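Have a look at the structure below before the remarks.
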Amino acid sequence: QVQLVESGGGLVQAGGSLTLSCAASGRTLSRVTMGWFRQAPGKEREFVAASWRTSGYTYYADSVKGRFTISRDNAKSTLSLQMNNLKPEDTAVYYCAADQSIILSNLRSVKGYDYWGQGTQVTVSS
């Protein structure tokens, strides 16, 4: 019921900034919990940030706290991830995820989300 398409990935130097976007269709965005995950080669997909349904309360992985900002425009049905002070370890494929009835304990787990985008590559050069 929810379709997601990421965009905005690319190559950036360490210390630089990049903004990712996720276009969502289907269920009203304000009532859907949205998240960003990333996966580097040979590593498990890991939680980056999330925005809780209705309230919009935000959550961040410790590794990106203070550098990344998740936001959403419910009217435009888009989710964004503003990434500042990027580090080489941020290099990964970034995925947009969504779920209509996720519980808080699953917020940081890939298993908690029913819908996923195709991913967009972010490469941070050192």
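The values are calculated or read from the model by the stated rules, or taken from the named source; none is laboratory data. Note that the coordinates shown come from a computational prediction; the quantities given were computed from them, not determined experimentally. Cβ atoms come from the backbone with ideal geometry, glycine included; neighbour counts cover every protein chain shown. The accessibility values were calculated without ligands, DNA or RNA, using every heavy atom of the protein model including side chains. Shrake-Rupley method; radii C 1.70, N 1.55, O 1.52, S 1.80 Å.
Data overview
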| item | result |
| --- | --- |
| Matching entry among A98, A49 (being within 12 Å of the chain's Cα centre (by Cα) and within 18 Å of G9 (Cβ to Cβ)) | A49 |
| S105 vs. criteria outside any strand (DSSP E or B), modelled with pLDDT of 95 or more and over 11 Å from the mean Cα position of the chain (by Cα) | yes |
| The stretch 14-39: number of residues that are among the aliphatic types (A, V, I, L, M), closer than 19 Å to V122 by Cα and open to solvent by 10 Å² or more (accessible area, probe 1.4 Å) | 3 |
| Residues being assigned to a strand (DSSP E or B) and either touching a Ser or Thr at 6+ places or on another chain (Cβ under 6 Å) or under 17 Å from A40 (Cβ atoms) (or both) - total across the stretch 79-95 | 8 |
| Residue that is nearest to R45 (Cα to Cα), among those in the stretch 96-108 that are open to solvent by 40 Å² or more (accessible area, probe 1.4 Å) and not charged (D, E, K, R) | N106 |
| Residues of the stretch 64-94 that turn out to be open to solvent by less than 30 Å² (accessible area, probe 1.4 Å), farther than 20 Å from S30 by Cβ and out of contact with any Gly (no Cβ under 6 Å at 6 or more places or on another chain), as a count | 7 |
| Residues satisfying the stated conditions in the stretch 57-71, i.e. under 14 Å from the mean Cα position of the chain (by Cα), more than 12 Å from C96 (Cα to Cα) and not hydroxyl-bearing (S, T, Y) | A61, V64, K65, R67, F68 |
| Boolean, S101 is hydroxyl-bearing (S, T, Y) and closer than 19 Å to E6 by Cβ | no |
| Some residue of the stretch 55-63 being buried (at least 22 other Cβ atoms within 10 Å of the Cβ) and part of a strand (DSSP E or B) | no |
